[in-house]
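Heads up: the structure comes next, in structure tokens.
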Amino acid sequence: MDDLGWQALAVALTILGGAWTFYAARNRGAAATVRGAGLTLLPAAALFTGTLEMVGRMGGAVADWATGFVFSPVVWLGVAMGVLGLLLLLGAGWLDRRSGGGSAKKPEHLAPADRGAPAIPDDLADIEALLRKRGIT
């Protein structure tokens, strides 16, 4: 769209905002009137700062992307592959839980001790000895 198109859009939005402000002034009270006046100024401000054109370009880019996304078989192949990959990862986790632990070896400090007492890492053994010495178990 050229500059004249953006100007026409800004004028149209300003006129709509002015109509809403007039309606608000007659029916809704002072706060709605001030809010309507503020909204009426925004399209003109967006035109003068170039924001209106930027938002239009961004909307066009998003629409082009969405159209390409919906109508491209390659994109849908990628979506299907992604969904299949996630399903395989979830299935592997389910199989791991179902089999009772999986293939990963548990760390030594988490493995149960042979004598029935819980295994204590080396760095906690000193603390345990001090607690026993003080009579705390």
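Being at pLDDT 90 or above, of a type in the set (A, V, I, L, M) and in contact with a Phe, Trp or Tyr (Cβ under 8 Å, 6 or more places away or on another chain): is that true of Leu47 here? Against the criterion (at pLDDT 90 or above, of a type in the set (A, V, I, L, M) and in contact with a Phe, Trp or Tyr (Cβ under 8 Å, 6 or more places away or on another chain)), Leu47 qualifies.
Exactly one residue out of Gly91, Gly82, Gly59, Gly135 is in a loop (DSSP other than H, G, I, E, B), of a type outside the set (Asp, Glu) and at pLDDT 85 or above: that is Gly135. In the range 1-12, the residues that are within 15 Å of Leu41 (Cα to Cα) never reach a residue that is exposed (fewer than 11 other Cβ atoms within 10 Å of the Cβ) and of a type in the set (D, E, K, R) with C-beta atoms less than 9 angstrom apart, at least six apart or across chains. The set of residues from the range 23-59 being small (Gly, Ala, Ser), within 17 Å of Ala12 (Cα to Cα) and free of Cβ contacts under 8 Å to residues at least 12 places away in the same chain comprises Gly38, Ala45, Gly50.
Residue check: is Thr40 closer than 22 Å to Gln7 by Cβ, polar (S, T, N, Q) and assigned to a helix (DSSP H, G or I)?
Against the criterion (closer than 22 Å to Gln7 by Cβ, polar (S, T, N, Q) and assigned to a helix (DSSP H, G or I)), Thr40 qualifies.
The values are calculated or read from the model by the stated rules, or taken from the named source; none is laboratory data. Remember, it's a predicted structure, so these values are computed and weren't measured experimentally. No Cβ is skipped: glycine too gets one built from the backbone with ideal geometry, and neighbour counts run over all protein chains shown.
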